[in-house]
Amino acid sequence: MTEAERQDTRKAMALDLCHIIDENPTQESYTPEEVKKLITVYVFSAGQK
């Protein structure tokens, strides 16, 4: 994987996480623990595709 591909992957992941957070507009803030859980679930579910 090239550096440009790695950067694109990081950007895609960040955008995916933003979309996941935006799916629940009633929740205005997240605790650090909730953010870690979102990231963990995202990483493990992405590996199952």
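We did not get these values from a lab; they are worked out from the coordinates using the rules stated. Because the structure is predicted, anything quoted here is derived from the model rather than measured. We place every Cβ from the backbone using ideal geometry, glycine too, and count neighbours over all the protein chains shown.
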Taking 0.36 nm per residue of separation between residue 40 and residue 5 and subtracting their Cα-Cα distance, the length gained on full extension comes to 10.4 nm
Loop sites in the stretch 1-48: GluC sites (Glu not before Pro), DSSP, at most 12 other Cβ within 10 Å:
23, 28
For the stretch 4-19, 3J(HN,Hα) per residue [Karplus equation, 6.51 cos²θ - 1.76 cosθ + 1.60, θ = phi - 60°, Hz, x = Gly/Pro]
5, 5, 5, 5, 4, 5, 4, 5, 5, 4, 4, 5, 4, 5, 4, 5
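Divide the volume of the convex hull of the Cα atoms of the stretch 1-46 by its number of residues and quote the answer in cubic angstrom per residue.
Convex hull volume per residue, Cα atoms: 77 Å³.
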With Cα coordinates, the longest principal axis of the chain makes an angle with the long axis of helix 32-46, in degrees rounded to 10, of 40
Report the chymotrypsin sites (Phe, Trp or Tyr not before Pro) located in the chain that are in a DSSP loop and have at most 16 other Cβ atoms inside 10 Å of their Cβ, or state none.
30
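Given only helices, namely DSSP H runs of n ≥ 4 each adding -39500 (n - 2.57), what is the per-residue ellipticity at 222 nm of the chain, to the nearest 500 deg cm²/dmol? Numbers along the way, then the final one.
Details: 2 runs with 35 residues, N = 49.
Taken over the chain, the calculation gives -24000 deg cm²/dmol.
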